[in-house]
Amino acid sequence: MTIQALLGSIRRRSFATRVAHSSRFLSTLVLGEHKGGSIEASSLCAVEAAKRLGGDNSVSLLLAGSGPSLQEAAAHAACFHPSISKVLLADSERFTYALAEPWAKLVHLVQQKDSYSHIITGSGSFGKNVLPRAAALLDVSPITDVTEISGSNLFVRPIYAGNALSTVRYTGSNPCMLTIRATSFPTGMAPASVSNDKCIEKIDLSAFSKDDADGKSRYVSISSQEDTERPDLANARIVVTGGRGLISAENFKMIEKLAEKLGAAVGATRAAVDAGFVPNELQVGQTGKIVAPELYMAFGVSGAIQHLAGIRDSKVIVAVNKDADAPIFQVADYGLVGDLFEIIPELLEKLPEKNRQI
């Protein structure tokens with residue numbers, strides 16, 4: 001018993017030493033997305049999350065791509081967040097499109113050189129695509145969908161479709177790799193007026209062989225709704241969502257008209273997407289986009305558990321459904337039992353245009 005107690009004490013002391021050591025020497029690599037010369041909001045939220053790891057954390061932002069837009073994004077990053085100590089640029093045509101294979105190799109290359117204690121990215125399509133492959137190359141286990149950071153090795157993430165929160169302690173080797181829910185780490189910052197060009201550093205890609213860019217996936221095309229004036233769904237202040245209760249794609253246009261009047265983003269349930277009413281990029285929920293608007297309006301949405309997991313952080317939820325027992329009413333701040341085909345036209349008639357205060 002004495003020997004077992006001694007060994008247990010040594011193990012606990014060894015673990016405590018590793019934790020204390022890691023908390024003193026923190027350095028974080030944030031995998032950044034950019035578009036049109038600007039850093040995506042989810043990447044800025046990842047920088048905000050890196051701040052919460054504690055200690056004197058040195059944060060580097062990794063950007064990859066080619067052409068002038070990459071340089072503009074680097075300048076934007078250098079002036080936006082004071083926590084960014086370095087912006088790493090991988091300028092090559094290999095990264096014109098954010099494919100998992102070349103990006104994972106790039107992360108592996110940067111980690112071998114600088115030995116970061118943490119690697120963080122947003123829990124969107126980019127992060128879910130790149131981080132697991134990079135983690136496999138680095139032989140570590142990633143922690144996904146983090147909503148709270150309690151320390152350098154202690155994290156909270158939702159499980160069971162958001163019905164429970166799990167606290168996870170990371171005890172593996174460096175780097176600790178995380179994807180974070182952007183809605184849980186808002187930036188609330190405005191860019192500075194002066195860019196710090198000295199913090200921009202180009203990555204030497206001479207060790208990055210041509211074969212590293214060739215994998216089992218290739219870029220085909222991208223479809224988006226950039227031609228619309230509606231705000232981005234993931235970051236919108238107001239979201240108007242339609243469900244299967246709208247019956248058809250033609251009827252779903254009422255949701256779009258209402259969103260246009262409110263200056264809101266359009267969302268949809270998985271049932272509406274599967275029925276072909278709208279493209280899947282508008283899907284809200286656990287298997288779609290996680291949103292946290294100030295106002296979330298749901299029409300014809302029953303409230304499946306996967307959908308509720310994607311809207312749980314919304315400030316105010318308004319639900320309209322003819323079924324008084326619909327689960328959506330259990331989480332709604334305001335509920336109206338009625339026929340959406342009567343209520344939406346009335347709203348369209350009485351609401352002012354989006355350029356006026358509502």
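The values are calculated or read from the model by the stated rules, or taken from the named source; none is laboratory data. This is a predicted model, so every value here is computed, not measured. Here the Cβ positions follow ideal geometry from the backbone for every residue, glycine too, while neighbour counts run over all protein chains shown. For accessibility, only protein heavy atoms count, side chains too; no ligands or nucleic acids. Shrake-Rupley method; radii C 1.70, N 1.55, O 1.52, S 1.80 Å.
Here are the numbers for this structure:
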item: Computed FRET value (nearest 0.05) for Glu342 with Ile247, which takes r as the C-beta separation and R₀ as 25 Å; result: 0.95
item: By accessible area with a 1.4 Å probe, ligands and nucleic acids excluded, highest first: order of His118, His76; result: His76, His118
item: Computed accessible area, Arg52, all protein chains, 1.4 angstrom probe, square angstrom; result: 100 Å²
item: Contact order relative to length of region 275-316, as percent, for alpha carbon pairs under 8 angstrom and 6 or more apart; result: 46 percent
item: Probe 1.4 Å - accessible area at Glu342, Å² to nearest ten; result: 130 Å²
item: Spin-label model distance (nm) - Ala136 vs Thr96, 7 Å beyond Cα toward Cβ; result: 2.6 nm
item: Glu281-Ser166 FRET efficiency (beta carbon distance; Förster radius 25 Å; 0.05 resolution); result: 0.30
item: FRET efficiency, Asp323 to Glu353 (Cβ-Cβ, R0 45 Å, nearest 0.05); result: 0.90
item: Rg in Å to one decimal, and Dmax rounded to a whole Å, for region 244-326 via C-alpha atoms; result: 11.8, 30
item: Accessible area (Å², 1.4 Å probe, nearest 10) - Asp91; result: 60 Å²
